1. With 25 Å as the limit, write out which pairs from LYS9/LYS112; LYS12/LYS126; LYS9/LYS126 have Cα-Cα distances beyond it, or answer none.
2. So for the stretch 34-94, what are the equivalent ellipsoid semi-axes in whole Å, largest first, each being the square root of 5 times an eigenvalue of the Cα gyration tensor?
3. Going 7 Å from the Cα of SER96 along its beta-carbon direction, which residues of the stretch 49-80 have the amide nitrogen within less than 12 Å of the resulting point?
4. Amide H neighbours of HIS32 under 5 Å, counting only residues 5+ apart in sequence or on other chains, H built in-plane at 1.01 Å?
5. Which shape class applies to the stretch 69-129: rounded if a/c is under 1.5, otherwise prolate when a/b exceeds b/c and oblate if not, where a ≥ b ≥ c are the square roots of the Cα gyration tensor eigenvalues?
6. So what are the three principal axis dimensions of the chain from its Cα atoms, in whole Å, longest to shortest?
7. Just to confirm my understanding: which cysteines in the chain have no other cysteine beta carbon less than 4.7 Å from their beta carbon?
8. Considering the zone a paramagnetic label at PHE83 would reach in this model (a point 7 Å from Cα along the Cα-to-Cβ line), which residues of the stretch 18-44 have amide N under 14 Å from it?
Amino acid sequence: MIERFWETKSLKEMSQAEWESLCDGCGKCCLHKLQDEDTDEIYHTAVCCELLDLRSGDCSDYPNRFKKVPDCLQLKPDNLDSFNWLPPSCAYRRLSEGRGLPSWHPLLNGGKKHKMHAADMSIRHKTVKEGPDLDPADFIVLWPLEDVD
């Protein structure tokens, strides 16, 4: 990959590998969201997808996620505008809004997530797994909306 490619290419110009590398692995997109039927306001919850590894923040079966979780959404350059629920810290959202990557992003730290975790920008130690007796409305949280540079 070209060094700092995100500064010279638009999201639509990126290769698949470059696009995938933008994901910081925070796990916030794997949290269940609720939408108010009257206002369309989106609420983030601390309830995560069954495939999310709570320790690493990674999908435990990324290649097969769409087969195992039918409502898993695939973020692509041509549908990015429809993902208004992405947290402000998300690299895809930040770049689409003309902001750069945050200082804690793994691409700026040798591919390591330690600065992201230290900045408290991941789901580690904050979430619960979805389950049949769990009501996501009981777990509405504000922390996914925080953004630290």
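A short reminder: the numbers here are calculations on the coordinates, not readings from a lab. Here the structure is a predicted model, which is why all the values come from computation and not from measurement. Cβ placement follows ideal geometry from the backbone for every residue including glycine, while neighbour counts extend to all protein chains displayed.
1. Values: LYS9/LYS112 23 Å; LYS12/LYS126 33 Å; LYS9/LYS126 34 Å.
Over 25 Å Cα-Cα: LYS12/LYS126; LYS9/LYS126.
2. Details: eigenvalues 88, 48, 35 Å².
One finds semi-axes of 21, 15, 13 Å for the stretch 34-94.
3. Only 74-80 pass the distance filter.
4. For HIS32, the qualifying residues are THR45, VAL47, CYS48, CYS49.
5. oblate
6. That gives 47, 32, 31 Å along the principal axes, largest extent first.
7. Lone cysteines by the Cβ rule: CYS23, CYS26, CYS29, CYS48, CYS59, CYS72, CYS90.
8. Output list for this probe position: 18-31.
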